Amino acid sequence: MKYYSDSADGDLPVHTPETGEFEEFSSASKAVDELCHRYETSTGFLRNRFDDFVAGRTQNARYRAFYPDTRITTTSFASVDSRLSYGHVSGPGTFSTTITRPDLYRHYLEHQFKLLMENHGVNIGVGTSRIPIPLHFAFIEGTGVDGVSGLSPETPLRDVFDAPNLIHTDDSIVNGEFDPIPGEPAPLAPFTAPRIDYSLHRLAHYTGTSPQHFQNFILFTNYQFYVDGFKALAREKLLDNTNDYVELVEPGNKITCAEDCLSDAENETALSRMPQMPAYHLKTADRSGITLINIGVGPSNAKTITDHVAVLRPHAWIMLGHCAGLRNTQSLGDYVLAHGYVREDHVLDEDIPISVPIPPLAEVQIALEHAVAHITGLSGYELKNVMRTGTVATIDNRNWELRDQKGPVQRLSQSRAIALDMESATIAANGFRLRVPYGTLLCVSDKPLHGELELPGMASQFYKSQVDRHLLIGINALELLREMPPERLHSRKLRAFDETAFQ
């Protein structure tokens, strides 16, 4: 253990672990090994000192440990393959980022490091930053702190350990608002370690599952029958030896593998009370499986969950929801493939200006269209009988029909919108903002402008059959996207002028 004084802490000595000097690596795997070692040294130190604090063994001191960081330095303006959307920096300089949970991000980090080494011929530097690790983040998903009883009221935790600091958890980098400090390294990644830690803890809270179970392909829905269908289909796939799925994880981190699917025992959830946005993970060994999250209703929920899922750097997310069909030529059960969005949800207005267009991503659009054709058995002109491509409007008022409709209807008509919902534009806009490929496939559940309201008993048999197919289409689309190399899937449309190197 080493000691140093910090004027911000008055006369108290600050105890920190010894983590070693800055090192450079020509191997991506060895660089991640060193990050894991430094991270475990820092977090282990905080956990041990916390145990001492609870037991009354701490000294009259503060205890502090720091996130590891990684950096590269390049001195050349040499251009790289212009087809690449990530894996390179824009010019000479030093670029760095703080790192958390390198065990969870090992595959991701190794991939980013290999691209940087290939594109710039540089080594990967690993050191220890000066950003303190908050005590709560030293415990995986908050265990070990919040539930401890008997803490001394005379000595608050914040007198002894660092607490989360919002200065380090904002989205200034990913929003393009970061102001570089002269002489300091430029950002290497879109999120800082504290921002990632914050979201990892929020994900566990909202979804009832550990972040380690999340897969790289995400489905969002807000209907329980999609969850029921996903669970049933997941068990079928686990019993099918022709695919790579290995287990299903449900809220409470309940794991079901193929052997469990052969049992007649009841397969109830491990939780007595479901989380706010329960998640279900159909896993593969390489995290290329599918996660389905029931996000509930509304743009606020849509923003909340995508803010947090994005730190896992998934390869794609797709919204499977229901919508109001705005054209008389549509039928209940028809599909809507969004190729544009009208944003009247407002929850992202401060993060991404309303004037910013949200473009369709060709790779996702094609996968969804092919999936609809495959599942319905229709193609070409016949496919237009059940699916229409067009603009989707998202609003923040579910009961918009109860107000004067003249203004909203006029705006919808001027935008050429063909469908209206409460989540799709939010999820797409946050995908654009956070550099996650996105797409939307909706199912028409009502036509309020034409006298067909979403009320019990009004659904046709055609509608019911289309709803059953909807989930199959979403899963098939993600399986098609999984076959693409990540470098192709992550479109250059998602990248800004002066972009971070990490995807």
Point-to-point label distance, Arg106-Gln276, nm (Cα→Cβ direction, 7 Å offset)
3.3 nm
Which of the trypsin sites (Lys or Arg not before Pro) found in segment 26-119 are in a DSSP loop and have at most 16 neighbouring Cβ atoms, other than their own, within 10 Å?
Arg57, Arg83
Might you report the magnitude of the Cβ-based charge dipole of the chain about its Cα centre, with Lys and Arg at +1 and Asp and Glu at -1, to the nearest 20 debye?
1000 debye
Run the quick spin-label model on Lys30 and Ala78: label points 7 Å from Cα toward the beta carbon, then report their separation in nm to one decimal.
2.2 nm
Only counting other Cβ atoms within 10 Å, I'd like Thr329, Thr155, Thr43 sorted with the fewest neighbours first.
Thr329, Thr155, Thr43
Rounded to the nearest 10 degrees, what's the angle between the helix 28-54 long axis and the longest principal axis of the chain, both from Cα atoms, 0 to 90?
70 degrees
With at most 15 neighbouring Cβ atoms within 10 Å, loop GluC sites (Glu not before Pro) (DSSP) excluded, longest segment of the chain:
22-153
Which of Gln365, His205, Leu188 sits closest to the plus end of the dipole of the chain, meaning its Cα is farthest towards the positive end, when Lys and Arg get +1 and Asp and Glu get -1 on the C-beta?
Gln365
For the chain, calculate the relative contact order in percent as a whole number, restricting contacts to Cα pairs under 8 Å that are 6 or more residues apart.
16 percent
From the backbone phi of segment 420-434, what are the Karplus-calculated ³J(HN,Hα) couplings (6.51 cos²θ - 1.76 cosθ + 1.60, θ = phi - 60°) in whole Hz, Gly and Pro given as x?
9, 8, 10, 9, 4, 5, 5, 5, 5, 5, 6, x, 4, 5, 9
If you build the convex hull over the alpha carbons only and average its shadow over all orientations, what do you get for the chain? Give it in nm² to one decimal.
27.6 nm²
In debye to the nearest 20, how big a dipole does segment 295-494 give about its Cα centre with +1 on each Lys and Arg Cβ and -1 on each Asp and Glu Cβ?
360 debye
Determine, at each q value in 0.14, 0.23 (inverse angstroms), the log₁₀ of I(q)/I(0) that the Debye formula gives when each Cα of segment 245-318 is one equal point scatterer.
-0.53, -1.16
Which residues among segment 26-67 fall inside the zone where the amide N is under 12 Å from a point 7 Å beyond the Cα of Val14, along Cα→Cβ?
62-67
What nm value, rounded to one decimal, do you get for the distance between Gln59 and Leu157 when each label is placed 7 Å out toward the C-beta?
2.4 nm
State to the nearest 20 debye the size of the charge dipole of segment 2-202 about its Cα centre, where the only charges are +1 on K and R beta carbons and -1 on D and E beta carbons.
240 debye
Largest first, please: the extent of the C-alpha atoms of segment 295-494 along each principal axis, to the nearest Å.
46, 42, 28
Here the FRET efficiency for Asp396 versus Phe225, based on Cβ atoms and R0 = 22 Å and rounded to 0.05, is 0.35
Here the Kirkwood hydrodynamic radius of segment 1-119, Cα-based and in Å, equals 16.7 Å
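Coordinate-derived values only; no laboratory data. The structure displayed is predicted, hence computed values, not measured ones. Note that each Cβ is placed from the backbone with ideal geometry, even for glycine, and that neighbours are counted across all protein chains shown.
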